[in-house]
Amino acid sequence: MRSFQNTSQSIPISDYPAQKVIDHRYTQSKYKLRDRHEIRLFSLARGSRDTPIVGSLATVQIGGQSVDSTGTDDALSTPEYEALSYFWGEGRGCEIALNGRPFKVTSNLFSALQQLRLEDRDRVLWIDAICINQDDYEERGHQVSLMRRIYETAAHVIIWLGDASKQSSEGLEELRNLFTASSRWDKAEILFGRNPTEGLQDIFTRPWWRRIWVVQEAAVAMKLTFICGADILEVPANREDLKQLTDALQSARTLPGKDNPDVSSIFLDQILSLLQLQLDRGGAVRSRLSDLIHTYILRQCSDPRDRVFALLGLSRTSDASANPPDYALTVEEVAVRLLCHAANDIDDDVVASRDVSGPLQLESPDFPDDDAWQLEKICMSLIGRNRQNRVFKASGNSNIDLKWYCIPHIPAKLQFAGVIVDAVSSLGSVSANIQELSLLSRTSTCSKCRDQDRHRQLFTQDFNRFMNTRGPANTFRWGYLVTERGHIALVPSQSAPGDKVCILLGFPLPFVVRPSSIDGAYDILGECYRHGVMNSEAVEFEAAETTFDDSVWIWDQGFLHRKRRHAFSISDRSRARPGLSGETQLARGLIIEKIVLNSWIPPAGLS
């Protein structure tokens, strides 16, 4: 049985006095990463198969000095380390000892640590579930932005396929024979020119192949090694070997009958894609982010935002800068930010040549798979896949209405259907006392409410639900206000008087939008909480009058007016009109408008 010869410098596990024992979460919060180029490394203590798994953390700056988990600088140069590429799996039901305290990991990671542990020396590893504080959204985003560098700097990347099975050893042996064959063309035709063996089926149906994060991890690795149970297979690192292998596999794709996507063809595409990524490693040319997302749109991830974030390290610098990993954003915000930036790459002639007079149909055969169509598919995929995870339903059951907005001499823009329901007035900082916000809401908007305690309870419940979607410790992003309609709202901190509160049809939360310098287009500031429209009230006709009729507003022959003269009025249009497909009905006085996306404006201090 072959095993790694690990040359990493050992980071010893400190024998802390009882009062100084530090668990993982305490370590992450007390000894935060000090700049954007620091990472943590995990030292897996030596041990036999049956002994408990023990390890410790050290903080290192790539190319600099290291800091152990007590916060003390040491003189060690950055140790050589290995990076793990693996499928997380479900739950965290297994336990290891980390810095002297229990730490939960998934069963698949636990199996990997059991197999990777050495008996004669410690092993230095980078493993995302251990080395990143997953509860700290800011840190998580910073570390994701370093992911490419982490994997390309590692001595080599270990692909953990999972525990061994009866057929897995045979499958890896067949791949080993392909990698080392003198005539790789003949071997590729034998392996992929017929029905796949049980061994190949076992290897290529492992969950690792379906995950989106592994694309970048495998693409940038200096040295790549498969491990399945105790079996090890090294991927050729020599460029000439990789070129011969990819040529042989490309040749196998042209065999008679390979026009049909049988199981063998799918497996062939999987290994060919992996080897092609390795062959292109270090290339100066990076891809457009939208192209990468479209290519890997069927890959899986536990967090839908990672369909964008997992590919940033392989994308152009301009794309990565415009779409930094920010886990305080929702899936919908990530999608809108991506669309604002990516639309500028669209060929105006292509968009203008298409029928933009009506809604575009996702499965329409009339449109080629051009850049514009690609962005539409990405939008539908990101937002549509997340429907089951939604907490609020500001737009009810309405559907996304996505079109293209084209005017001469200006880059193509994406256009949604939306409803302007309110406007921003003065802005204040977020109060730490939710009861104060609840009181503001009660006194400013619910003078007709008979049950004030019930109102306060509902407001507190919805407010907390909204903040829980934004991640912990992100109050600096927000300001609260009483809107021009007299409702309490929590809006992005970069909001200003005159900004509008808009519900985009098909989206779960309202957005704050700002009229831009381009006529008819809006800059997007992000989602907001506006009390009274979060649960379909503005688009469900039965609830509309309760939502918009209070002591400040009056209804007059289907029109909405404010009692004070010369004050803001949301609309002087007629009462409810049917929306898309006859399914969306709006509150009286509201209309569906064209909301053209211009630029995404991040909070101050963020890029």
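For residue 593, list long-range residues whose amide hydrogen, built 1.01 Å from N in the peptide plane, is under 5 Å from its own amide hydrogen.
418, 419, 420
Cα extents of region 104-233 along the three principal axes, largest first, in whole Å?
That works out to 50, 30, 27 Å along the principal axes.
Rank the residues 295, 330, 469 as a footprinting-exposure proxy: fewest other Cβ atoms within 10 Å of their Cβ go first.
With the fewest neighbours first, 295, 330, 469 line up as 295, 469, 330.
Counting only residues 5 or more places away or on other chains, whose amide H sits under 5 Å from the amide H of residue 499 once H atoms are built in the peptide plane?
Result for residue 499 returns 424.
Run through all the Cα pairs of region 211-347 and give the fraction in each 10 Å bin from 0, expressed as whole percent.
Taking all Cα pairs of region 211-347, the binned fractions are 10, 34, 33, 20, 3, 0 percent.
Relative to the compact-globule scaling 2.2 N^0.38 Å, provide the ratio for the alpha-carbon radius of gyration of region 167-281.
Output field value: 0.99.
Fewest Cβ neighbours within 10 Å first, please rank 132, 158, 62, 503 accordingly.
Lowest to highest Cβ neighbour count: 62, 132, 158, 503.
Quickly work out the residue 263-to-residue 458 label distance, labels modelled 7 Å from Cα along the C-beta direction, and quote it in nm with one decimal.
Distance between label points: 5.5 nm.
Sorted by mean Cβ packing within 10 Å, highest first, what order do the peptides 268-280, 90-102 take?
268-280, 90-102
Once fully extended, how much extra length lies between residue 385 and residue 297, figured as 0.36 nm per residue of separation less the alpha-carbon to alpha-carbon distance?
Computed gain between residue 385 and residue 297 is 30.6 nm.
Which entries in 223/377; 166/187; 377/594; 413/500; 500/594 show an alpha-carbon gap greater than 25 Å?
Beyond 25 Å between Cα atoms: 223/377.
Quote the FRET efficiency, to the nearest 0.05, computed for residue 92 versus residue 591 with a Förster distance R0 of 45 Å and r equal to the Cβ-Cβ distance.
The calculated FRET efficiency here is 0.40.
Only counting other Cβ atoms within 10 Å, I'd like 398, 48 sorted with the fewest neighbours first.
Fewest to most other Cβ atoms nearby, the residues stand as 48, 398.
Since every read-out is calculated from the coordinates, none of them should be taken as a lab result. Quick caveat: nothing in here was measured; it's all calculated off a predicted structure. Methodologically, a virtual Cβ is constructed for each residue, glycine included, from the backbone with ideal geometry; neighbour enumeration extends over all protein chains shown.
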